[in-house]
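Peer 1: What follows is a single structure, and I will ask about it in a moment.
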Amino acid sequence: MTDIPPPILAPTVFRTATGIGVMLAMAALLLRTAFSQGLVTQALMVAAALAALALAYAMWRGRTDSLNWTQDGLTDGAGRLIAARGDIEAVDRNPMALKPSNGFTLRMKTAQTRGWQPGLYWRIRSRVGVGGLTSPGVAKALADRIALDIAGVI
(Lines give C-alpha, C1' and ligand atoms only; values in the text may rest on other atoms or scores of the structure.)
Protein backbone atom coordinates (compact mmCIF):
# COMPACT_ATOMS: atom_id res chain seq x y z
CA MET A 1 0.00 0.00 0.00
CA THR A 2 2.95 2.38 0.49
CA ASP A 3 3.85 2.23 -3.20
CA ILE A 4 0.65 4.08 -4.14
CA PRO A 5 1.69 7.68 -4.80
CA PRO A 6 -0.22 10.36 -2.92
CA PRO A 7 -2.60 12.47 -5.01
CA ILE A 8 -1.45 15.82 -6.38
CA LEU A 9 -3.88 18.59 -5.52
CA ALA A 10 -4.23 21.28 -8.19
CA PRO A 11 -6.92 23.85 -9.05
CA THR A 12 -9.42 22.64 -11.64
CA VAL A 13 -9.85 24.63 -14.84
CA PHE A 14 -13.60 25.15 -14.40
CA ARG A 15 -13.39 26.31 -10.78
CA THR A 16 -10.46 28.62 -11.55
CA ALA A 17 -12.25 30.16 -14.53
CA THR A 18 -15.39 30.62 -12.45
CA GLY A 19 -13.47 32.25 -9.59
CA ILE A 20 -11.60 34.61 -11.89
CA GLY A 21 -14.81 35.43 -13.77
CA VAL A 22 -16.66 36.29 -10.56
CA MET A 23 -13.82 38.56 -9.40
CA LEU A 24 -13.69 40.33 -12.77
CA ALA A 25 -17.47 40.76 -12.83
CA MET A 26 -17.45 42.17 -9.30
CA ALA A 27 -14.68 44.63 -10.22
CA ALA A 28 -16.61 45.73 -13.32
CA LEU A 29 -19.82 46.26 -11.35
CA LEU A 30 -18.01 48.19 -8.63
CA LEU A 31 -16.34 50.45 -11.19
CA ARG A 32 -19.57 50.93 -13.12
CA THR A 33 -21.50 52.07 -10.06
CA ALA A 34 -18.64 53.95 -8.38
CA PHE A 35 -18.80 56.99 -10.62
CA SER A 36 -22.41 57.76 -9.74
CA GLN A 37 -21.58 57.96 -6.01
CA GLY A 38 -20.15 60.62 -3.71
CA LEU A 39 -16.41 61.14 -3.51
CA VAL A 40 -15.74 58.99 -0.41
CA THR A 41 -17.98 56.15 -1.58
CA GLN A 42 -16.45 56.40 -5.03
CA ALA A 43 -12.93 56.03 -3.60
CA LEU A 44 -13.97 53.03 -1.50
CA MET A 45 -15.63 51.32 -4.46
CA VAL A 46 -12.61 51.89 -6.71
CA ALA A 47 -10.35 50.48 -3.96
CA ALA A 48 -12.61 47.41 -3.64
CA ALA A 49 -12.56 46.96 -7.43
CA LEU A 50 -8.76 47.13 -7.45
CA ALA A 51 -8.67 44.53 -4.65
CA ALA A 52 -10.96 42.25 -6.70
CA LEU A 53 -8.69 42.68 -9.73
CA ALA A 54 -5.64 41.84 -7.59
CA LEU A 55 -7.39 38.72 -6.31
CA ALA A 56 -8.31 37.69 -9.86
CA TYR A 57 -4.68 38.14 -10.89
CA ALA A 58 -3.49 36.06 -7.90
CA MET A 59 -5.90 33.29 -8.91
CA TRP A 60 -4.65 33.50 -12.50
CA ARG A 61 -1.03 33.34 -11.36
CA GLY A 62 -1.71 30.30 -9.16
CA ARG A 63 -3.73 28.35 -11.71
CA THR A 64 -0.77 26.09 -12.55
CA ASP A 65 0.40 25.55 -8.96
CA SER A 66 -0.20 22.31 -7.05
CA LEU A 67 0.22 20.77 -3.61
CA ASN A 68 2.20 17.57 -3.14
CA TRP A 69 2.57 15.27 -0.14
CA THR A 70 6.28 14.40 0.14
CA GLN A 71 8.64 12.98 2.75
CA ASP A 72 9.15 16.51 4.12
CA GLY A 73 5.44 17.33 4.29
CA LEU A 74 3.02 19.33 2.20
CA THR A 75 4.86 21.31 -0.49
CA ASP A 76 3.73 23.46 -3.37
CA GLY A 77 4.71 22.95 -7.01
CA ALA A 78 7.92 24.98 -6.59
CA GLY A 79 9.02 22.82 -3.65
CA ARG A 80 8.30 25.37 -0.90
CA LEU A 81 7.26 23.70 2.35
CA ILE A 82 3.68 24.57 3.32
CA ALA A 83 3.32 22.22 6.32
CA ALA A 84 6.12 20.11 7.77
CA ARG A 85 5.22 16.44 8.22
CA GLY A 86 6.40 16.28 11.82
CA ASP A 87 4.53 19.45 12.76
CA ILE A 88 1.06 18.25 11.69
CA GLU A 89 -1.09 17.41 14.69
CA ALA A 90 -4.37 16.48 13.00
CA VAL A 91 -6.39 16.67 9.78
CA ASP A 92 -9.82 18.27 10.17
CA ARG A 93 -12.50 17.69 7.50
CA ASN A 94 -15.45 18.40 9.79
CA PRO A 95 -18.22 20.27 7.90
CA MET A 96 -18.34 22.88 10.67
CA ALA A 97 -14.56 23.44 10.71
CA LEU A 98 -12.94 26.63 9.48
CA LYS A 99 -11.69 25.32 6.14
CA PRO A 100 -11.76 26.19 2.45
CA SER A 101 -14.64 25.03 0.27
CA ASN A 102 -14.41 21.27 -0.39
CA GLY A 103 -11.08 21.16 1.43
CA PHE A 104 -9.60 20.38 4.82
CA THR A 105 -7.60 21.99 7.60
CA LEU A 106 -4.31 20.83 9.06
CA ARG A 107 -3.88 21.60 12.76
CA MET A 108 -0.21 22.28 13.43
CA LYS A 109 1.73 21.84 16.67
CA THR A 110 3.44 25.21 16.33
CA ALA A 111 2.45 28.56 14.88
CA GLN A 112 3.18 29.01 11.18
CA THR A 113 4.14 32.06 9.18
CA ARG A 114 1.26 33.52 7.24
CA GLY A 115 0.91 32.48 3.63
CA TRP A 116 -1.79 32.36 0.99
CA GLN A 117 -2.31 31.14 -2.53
CA PRO A 118 -5.94 31.94 -3.45
CA GLY A 119 -7.91 28.80 -4.18
CA LEU A 120 -5.15 26.45 -3.05
CA TYR A 121 -4.11 27.05 0.56
CA TRP A 122 -3.83 29.55 3.41
CA ARG A 123 -1.68 29.51 6.57
CA ILE A 124 -2.69 31.40 9.71
CA ARG A 125 -1.29 30.74 13.18
CA SER A 126 -1.47 27.01 13.84
CA ARG A 127 -3.80 26.15 10.96
CA VAL A 128 -3.25 25.40 7.29
CA GLY A 129 -6.37 25.38 5.11
CA VAL A 130 -6.14 23.38 1.91
CA GLY A 131 -8.66 23.49 -0.96
CA GLY A 132 -10.99 25.98 -2.57
CA LEU A 133 -10.60 25.80 -6.34
CA THR A 134 -9.52 22.16 -6.16
CA SER A 135 -11.42 18.96 -6.89
CA PRO A 136 -13.31 17.76 -3.79
CA GLY A 137 -12.49 14.10 -4.45
CA VAL A 138 -8.76 14.69 -4.79
CA ALA A 139 -8.76 16.93 -1.69
CA LYS A 140 -10.50 14.19 0.30
CA ALA A 141 -8.03 11.57 -0.93
CA LEU A 142 -5.09 13.80 0.02
CA ALA A 143 -6.59 14.50 3.45
CA ASP A 144 -7.04 10.76 4.04
CA ARG A 145 -3.48 10.05 2.94
CA ILE A 146 -2.06 12.73 5.24
CA ALA A 147 -4.17 11.47 8.16
CA LEU A 148 -2.97 7.90 7.61
CA ASP A 149 0.66 9.00 7.26
CA ILE A 150 0.71 11.08 10.45
CA ALA A 151 -1.06 8.25 12.32
CA GLY A 152 1.75 5.91 11.24
CA VAL A 153 -0.54 3.53 9.33
CA ILE A 154 1.26 3.98 6.00
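The values are calculated or read from the model by the stated rules, or taken from the named source; none is laboratory data. All values reported here derive from a predicted model rather than from experimental measurement. Backbone-built Cβ (ideal geometry, glycine too); neighbour counts: all protein chains shown.
Peer 1: Could you check how many residues of region 93-106 are among the charged types (D, E, K, R) and modelled with pLDDT of 90 or more?
Peer 2: 0
Peer 1: For region 91-114, how many residues meet the condition of being part of a strand (DSSP E or B) and in contact (Cβ under 8 Å) with a residue 24 or more places away in the chain?
Peer 2: 5
Peer 1: Among the candidates ASP65, ASP72, single out the residue that is in contact with a Leu (Cβ under 9 Å, 6 or more places away or on another chain), under 30 Å from ALA28 (Cα atoms) and charged (D, E, K, R).
Peer 2: One residue alone meets the criteria, ASP65.
Peer 1: Taking into account only those residues within region 6-29 that are outside any loop (DSSP other than H, G, I, E, B) and in contact with a Ser or Thr (Cβ under 8 Å, 6 or more places away or on another chain), which is nearest to ALA78 (Cα to Cα)?
Peer 2: Within region 6-29, the match that is nearest to ALA78 (Cα to Cα) is LEU9.
Peer 1: Kindly provide the set of residues from region 115-154 that are among the small types (Gly, Ala, Ser), part of a loop (DSSP other than H, G, I, E, B) and closer than 19 Å to ASP76 by Cβ, ordered by number.
Peer 2: GLY119, GLY131, GLY132, SER135
Peer 1: Can you name the number of the only condition in (1) assigned to a loop (DSSP other than H, G, I, E, B); (2) small (Gly, Ala, Ser); (3) assigned by TED's automatic domain parsing to the domain that holds ILE20 that ALA52 fails?
Peer 2: All conditions pass for ALA52, except number (1).
Peer 1: Same structure again: Inside region 31-49, can you point out the residues that are part of a helix (DSSP H, G or I) and more than 25 Å from the chain's Cα centre (by Cα)?
Peer 2: Selection gives LEU31, ARG32, THR33, ALA34, LEU39, VAL40, THR41, GLN42, ALA43, LEU44, MET45, VAL46.
Peer 1: For ILE88, work out the one condition from (1) crowded, with 19+ Cβ neighbours inside 10 Å; (2) in contact with a Lys or Arg (Cβ under 9 Å, 6 or more places away or on another chain); (3) not small (Gly, Ala, Ser); (4) not assigned by TED's automatic domain parsing to the domain that holds ARG123 it doesn't fulfil.
Peer 2: (4)
Peer 1: Mind counting the residues in region 58-76 that are within 22 Å of THR18 (Cα to Cα) and surrounded by 12 or more Cβ atoms within 10 Å (Cβ to Cβ)?
Peer 2: Within region 58-76, residues that are within 22 Å of THR18 (Cα to Cα) and surrounded by 12 or more Cβ atoms within 10 Å (Cβ to Cβ) number 8.
Peer 1: Among the residues of region 100-130, which ones are of a type in the set (A, V, I, L, M) and either assigned by TED's automatic domain parsing to the domain that holds ALA52 or under 17 Å from ILE146 (Cα atoms) (or both)?
Peer 2: LEU106, MET108, LEU120, VAL128, VAL130
Peer 1: Test each condition in (1) touching a helix residue (DSSP H, G or I) at 6+ places or on another chain (Cβ under 6 Å); (2) under 19 Å from LEU148 (Cβ atoms); (3) hydrophobic (A, V, I, L, M, F, W, C) for LEU53 and report the one that comes out false.
Peer 2: For LEU53, the exception is condition (2).
Peer 1: Are any of the residues in region 41-57 within 24 Å of PRO136 (Cα to Cα) and surrounded by fewer than 17 Cβ atoms within 10 Å (Cβ to Cβ)?
Peer 2: yes
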